[in-house]
Amino acid sequence: MKLKLIEHKKIYLLIPTVCVILALAAVFFKGLNYGIDFSGGNLFQVTYEKPVTLAAVNESLDKLGDKIPQMSSNSRKTQISEDRIIILRSQEISEDEKETVLENLKSQGNYSIDKIEKVGASIGEELKYAALISLAVGSVLIVLYITFRFEFIFSIGSIVALLHDVILALGLVSILGYEVNTPFIAAILTIVGYSINDTIVIFDRIRENLASRRRSRLTIEQIIENSVDQCLRRSINTSLTTLFAVVALLIFGGDSLRTFIVALLVGVTCGAYSSIFVAPLIVYLLGRRKNSLEKFDEKEKDEAEEKILV
């Protein structure tokens, strides 16, 4: 299969550009629905002795809305698992209000308390800061590693591809109104690792083909196109097998993992696209402008000859 990457580069770059603009617009105008991990609040998890319905629990909690605004339908989130486990998240409430909520839950039957957690707003801010720092540190290390192993323009291509994946995941979560919590951050870091691995495979093939360019008499454009085409089947197969597992989790994983799985689903799909189309094209465009690929070609050729002599 021939993608003709260089020939159709405007189309291949226009699609992700439009998607990224829409995702940024969604995040900017609609914002993100921060969970109690980041915004602060309370979490109750109880297990009823007998099955209950989510509708009955919500109807009962709605009656508290007048006394406890944090328990109104717009300010809380209720989930059910295995017909007996209720997970209730709300904005921060006082100890007296907490007792009122627990008393209200008894209206649906006897239950045992699995856990009650409270996260303060200051802790949420610290978690936000720590999440941003972890992403920044990860990105800097990736730049250093790619620059050491390849060239600086390759690290720029990989970072642009990673930003593409992360922004699209954020945009979809914003549009769907899913909760941004610590599992979502874990999903973002997983996406970063998955996408960079796929990108490095393609970069490796470009490097190998650049080293043999003199013998093959191919242009830089042909080298990049051929390298992507050679890796295409591998990238598609890897992404599809990963997606099978993610879709299974989406179907059977339950509501508590919804944000994590949706972020992974978007990340794997977008990561495959960015590895195949975005990263190589960024390297090509930057390399053509500064003639970096020709210099990299000479360097790889010299190293290959040294290995043969040894």
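For the range 77-107, filtering for residues that are open to solvent by 30 Å² or more (accessible area, probe 1.4 Å), closer than 19 Å to LYS67 by Cβ and touching a Ser or Thr at 6+ places or on another chain (Cβ under 6 Å) leaves 2.
With respect to the conditions (1) open to solvent by 10 Å² or more (accessible area, probe 1.4 Å); (2) more than 30 Å from PHE260 (Cα to Cα); (3) polar (S, T, N, Q), SER227 falls short on a single one, namely (1). Counting only helices (runs of 4 or more DSSP H) that sit wholly inside the range 156-259, those with at least 1 residues that are touching a helix residue (DSSP H, G or I) at 6+ places or on another chain (Cβ under 6 Å) and without any contact (Cβ under 8 Å) to a residue 40 or more places away in the chain are 182-211, 220-252.
Being open to solvent by 40 Å² or more (accessible area, probe 1.4 Å) and within 19 Å of ILE276 (Cβ to Cβ) is a property that LEU170 lacks.
Within the range 89-96, identify whether any single residue is assigned to a helix (DSSP H, G or I), within 24 Å of VAL46 (Cα to Cα) and over 26 Å from the mean Cα position of the chain (by Cα), and answer yes or no. Scanning the range 89-96 turns up at least one residue that is assigned to a helix (DSSP H, G or I), within 24 Å of VAL46 (Cα to Cα) and over 26 Å from the mean Cα position of the chain (by Cα). For the range 182-224, the set of residues classified as over 21 Å from CYS270 (Cα atoms), in contact with a Phe, Trp or Tyr (Cβ under 8 Å, 6 or more places away or on another chain) and open to solvent by less than 30 Å² (accessible area, probe 1.4 Å) consists of LEU210, ILE220, listed by residue number. Looking only at residues of the range 1-32 that are among the aromatic types (Phe, Trp, Tyr) and surrounded by fewer than 12 Cβ atoms within 10 Å (Cβ to Cβ), we find that the one that is nearest to ILE236 (Cα to Cα) is PHE28.
Number of residues in the range 181-212 that are under 17 Å from LEU135 (Cα atoms) and touching an Asp or Glu at 6+ places or on another chain (Cβ under 8 Å) equals 5. All of (1) under 24 Å from ARG258 (Cα atoms); (2) in contact with a Gly (Cβ under 9 Å, 6 or more places away or on another chain) hold for ILE93 with one exception: (1). Applying the set (1) modelled with pLDDT of 85 or more; (2) under 30 Å from LEU88 (Cα atoms); (3) polar (S, T, N, Q) to THR238 leaves exactly one unmet item: (2). Among the helices (runs of 4 or more DSSP H) confined to the range 1-77, the ones with at least 1 residues that are more than 19 Å from the chain's Cα centre (by Cα) and among the small types (Gly, Ala, Ser) are located at 36-39, 54-62.
The values are calculated or read from the model by the stated rules, or taken from the named source; none is laboratory data. Everything numeric in this text was worked out from a predicted model, so none of it was measured. Positions of Cβ are backbone-derived with ideal geometry, glycine not excepted, and every protein chain shown enters the neighbour counts. We work out accessible area using only protein heavy atoms, side chains counted, and drop any ligands, DNA or RNA first. Shrake-Rupley method; radii C 1.70, N 1.55, O 1.52, S 1.80 Å.
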